[in-house]
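Here is the structure we will look at.
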Amino acid sequence: MDLSALYTQIILEHSRSTRNKRQLTCATCKERGHNPSCGDDITIELQLEDGRVVDAAFTGVGCAISQASTSMMIDLIKGKTTGEVAQLTDTFLAMIRQELDNDSSLKNLGEAVALKGISQMPARVKCAVLAWHTLQEAIKTGA
Amino acid sequence: MGFSVHEIRQDFPALAQSVHGKPLIYLDNAATTQRPVQVLEAIERYNHFANANPHRGVHYLGTEATRAYEQARERVARFINAGSRKEVIFTRNATEALNLVAFAFGLAQVKAGDEIVLCISEHHSNLVPWQQIARLTGAKLKYLYLDEEFCLTHKEIQAKITDTTKIVAIAQMSNVLGTIYPVREIAGWAHSQGAVVVVDAAQSIPHQVVDVQALDADFLVFSGHKIYGPMGIGVLYGREELLREMPPYQFGGDMIEYVEEESSTFAPLPQKFEAGTPNVEGAVGLAAALDYVESIGLKQIAEHERNLTAYALEELRKLRWVRVHGPLDMAQRGPVISFEIEGCHPHDVATILDTYGVAVRAGHHCAQPLMNYLKIPASSRVSFALYNTKEEVDVFLESILNVRKWLGYGS
Ligand SMILES: Cc1ncc(COP(=O)(O)O)c(C=O)c1O
Ligand SMILES: [Zn+2]
């Protein structure tokens, strides 16, 4: 296991960044997700308008991986349609589960590709996917 | 005979391995302990020469299995100074033993308006079953809270345990804080108020002499796997007159006397509480583990672990970015240390330490009410056993400096 592939500059930066960490004033949906086993606990808020993510943010606490993953995801989904978000979610989860047939779709994930190494660390997979599963729930309830 | 940790380590094959290219430093003993060859060989011998259903077979192996199983029961009874072997029930683990007490004793005895008193640091296994009993009976749960030193005061004990208290269920040692609670004092006071005392000895049993009579415990539970024995075997001790009055917990083979089409009568103690084919190899392994611990001596083990704990605590306190959750007074605690590293989430701490070969626990340690009470989402935890060394503590301490570096802090 190579820590330098895990705690990269970009992941550490995102894990400490407060840029996406706030409450939305006009949230249309909101979902809390947590990993009971490790205490990661995040709440994602979305402002959906006409099937598009106009704004997104999160609050909560957790490990560097869960916090970075959430922050990167929010950067990625802002401005996207819910259809595009669903596709990104599938790509991200497939990357973590090592189920991607070809790597060409990875480019769509932007900085979140930095979490690819998590697929080698079963104990931390939950931390990386928490944000994305929570996002799926948020969109489901908001739709 | 002197205590030689280096000789002891030879008994534990699991300790000789490397993980991620580093020698394994196993500091997660509060979760489960490794097993000595003496235990592994006892299990193997049983499987080679005596495997059969106890209490049923007329044939040679059946008799051997019965003998092995009942000898293990005697061994446990002696270890905890039970009044008789009938007071020792084998279960799968501490959790099942606590459920047995809650559902066979609690459900029948607790009435609406009664109170069940727990400590806020209880493991979920000694908390969730009582929540269920409270819900089913209309009883009320009350918690003992801790002072700034993470200890229980006499005042708190006497204020919370009153004549409306029916059951007091408390761990002898916290699996998060390391605090050792004054169980004997609690039992004395609880009995004066007419309450029954359930002691969770899952954490204390490998570190100190546990004497059910000296403690005046009505029930006491522990798991084999936390005292160098196998998983899948646990113990419920109960005072004979209480066990005798209790209805069975599970029904089926082995726990009956006569079965007719419409009704049955139940076997006497302890079989009444052991439905179905038991885990004989587990019981045999547990007995071997207790032999092993006694051959080394609990006093010697406790002293060795106390030295490691005092040293680790002292060194951790020198690091201004480390916060310890638990008593600093060695007289109040056992060899479990929970800590937080400023700016570093426990999950990341555990992942990074793992790459240095150091196994620690991170999370809420199955004690979410305690974590809420302390207002922390999670903590990291090291816990020592008889085979840990000062050198291992040093590697752990060096490695936590690296945790800070990996996560982008100067020191
Ligand atoms: C204090 C305490 N009680 C109960 C348990 C439950 O033990 P088991 O999972 O073996 O049933 C544990 C295990 O972590 C514990 O630390
Ligand atoms: Zn996590």
Quiz item: Pick from the stretch B:198-226 the residues that are more than 16 Å from the chain's Cα centre (by Cα) and not in a helix (DSSP H, G or I): which of them is surrounded by the most Cβ atoms within 10 Å (Cβ to Cβ)?
Solution: B:D218
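Mind telling me which of the residues B:S174, B:S192 ends up being of a type in the set (S, T, Y) and surrounded by 24 or more Cβ atoms within 10 Å (Cβ to Cβ)?
Only one candidate qualifies: B:S174.
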Quiz prompt | Yes/no for A:E31 being more than 25 Å from A:A123 (Cα to Cα) and at pLDDT 95 or above | solution = no
Quiz item: Would it be correct to say that B:R92 is within 16 Å of ligand 1 (Cβ to nearest atom), in the same structural domain as B:I205 (by TED's automatic domain parsing) and touching a residue at least 40 places away in the same chain (Cβ under 8 Å)?
Solution: yes
Practice problem: Might you let me know whether the stretch B:152-164 holds any residue that is surrounded by fewer than 19 Cβ atoms within 10 Å (Cβ to Cβ), within 16 Å of ligand 1 (Cβ to nearest atom) and more than 14 Å from every other protein chain (Cβ to nearest Cβ)? | Solution: no
Quiz item: Is it fair to say B:R85 is surrounded by fewer than 15 Cβ atoms within 10 Å (Cβ to Cβ), in contact (Cβ under 8 Å) with a residue 40 or more places away in the chain and either under 18 Å from B:A190 (Cβ atoms) or assigned by TED's automatic domain parsing to the domain that holds B:T277 (or both)?
Solution: no
Practice problem: Keeping to the stretch B:227-240, report how many residues are closer than 24 Å to B:K166 by Cα and in a loop (DSSP other than H, G, I, E, B). | Solution: 1
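Where in the stretch A:1-93 are there helices (runs of 4 or more DSSP H), lying fully within it, with 1 or more residues that are in contact with a Gly (Cβ under 6 Å, 6 or more places away or on another chain), within 14 Å of chain B (Cβ to nearest Cβ) and under 29 Å from B:V349 (Cβ atoms)?
Where helices (runs of 4 or more DSSP H) fall fully within the stretch A:1-93 and carry at least 1 residues being in contact with a Gly (Cβ under 6 Å, 6 or more places away or on another chain), within 14 Å of chain B (Cβ to nearest Cβ) and under 29 Å from B:V349 (Cβ atoms), they are A:3-6, A:9-16.
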Practice problem: Select, from B:A104, B:A112, B:A108, B:A139, the only residue that is in contact with a helix residue (DSSP H, G or I) (Cβ under 8 Å, 6 or more places away or on another chain), away from ligand 1 (no atom under 15 Å from the Cβ), touching a residue at least 40 places away in the same chain (Cβ under 8 Å) and not assigned by TED's automatic domain parsing to the domain that holds B:L370. | Solution: B:A104
Practice problem: Taking the residues in the stretch B:321-372 that are assigned to a helix (DSSP H, G or I), more than 24 Å from A:A68 (Cα to Cα) and touching a residue at least 40 places away in the same chain (Cβ under 8 Å) as candidates, determine which candidate is nearest to the other protein chains (Cβ to nearest Cβ). | Solution: B:Q368
Practice problem: Please verify whether the stretch B:319-331 includes one or more residues that are under 30 Å from B:A16 (Cβ atoms) and either of a type in the set (D, E) or within 16 Å of ligand 2 (Cβ to nearest atom) (or both). | Solution: no
Quiz item: Of the conditions (1) over 19 Å from B:L407 (Cα atoms); (2) more than 14 Å from chain B (Cβ to nearest Cβ); (3) out of contact with any Leu (no Cβ under 8 Å at 6 or more places or on another chain), A:P122 fails just one. Which one is it?
Solution: (2)
Quiz item: Does the stretch B:275-283 include one or more residues that are without any contact (Cβ under 8 Å) to a residue 60 or more places away in the chain, in a loop (DSSP other than H, G, I, E, B) and more than 18 Å from B:A171 (Cα to Cα)?
Solution: yes
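The values are calculated or read from the model by the stated rules, or taken from the named source; none is laboratory data. Everything numeric in this text was worked out from a predicted model, so none of it was measured. Here the Cβ is made from the backbone with ideal geometry for all residues, glycine too, and neighbour counts use every protein chain on show.
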